[in-house]
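Written below as structure tokens is the structure these notes are about.
Nothing in this text is a laboratory measurement; each read-out follows from the coordinates by a stated rule. Values in this document were obtained by computation on a predicted structure and should not be read as measured data.
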Amino acid sequence: MNEQARRTIASYTTCQEAARAVDHPSDQGFPVERVAIIGQDVRLVEQVTGRKGQAGAAPHGAASGALIGWTLGLLDPVVSGLRLALYGLAFGALVGALLGMPVYAAQRGRRNFASVSFIQPSRNDVVADDAVAEEAVQLLTELPSRTGTSTGTSTSTSSGAWKSTRPQGGPAVT
């Protein structure tokens, strides 16, 4: 990646909106390799999905072990890969189930819940190299809204950055 000066040309509340804003110039032949989407004010969110208990420890361990066994079995195509993968699946499930319960018990109730972690930015800035930023801004003004209508004409802010204030639209001035 080159270290050219960049500036923000648009800002969106979702990554999908930012990706849509990059797709449009790409479809017009714009050199999108000179563009980046940068998540700002990032936070880690851990969504709790349920409770883990003694009864679920063995099946969870079995599933993890089976996956590992199946994968390792597929790595050796010399000895009938499928047969070895099935043996690995069965052995991995057995070992995983046998180890799952003692591992759970060793945690002594700490973190006895299941969760999924993800990163969530508060906004997604589309930035472009200074040399192509004006062209990118012009292409973004042509970006149709989700309803199929044009965003109309707009002017840039004093910093030259476009800001999205609409939940599902293209660039708009704040």
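What residues qualify as long-range amide H neighbours of ILE9, i.e. H under 5 Å apart, gap of 5 or more or another chain, H built at 1.01 Å from N?
Those lying under 5 Å, H to H, from ILE9 are VAL126, VAL127, ALA128, TRP162.
Residue by residue, what Karplus-based ³J(HN,Hα) values in Hz, rounded to whole numbers, does region 113-125 have, using 6.51, -1.76 and 1.60 with θ = phi - 60° and x for Gly and Pro?
Listing the rounded values in order: 9, 9, 8, 10, 9, 8, 9, 10, x, 7, 8, 10, 8 Hz.
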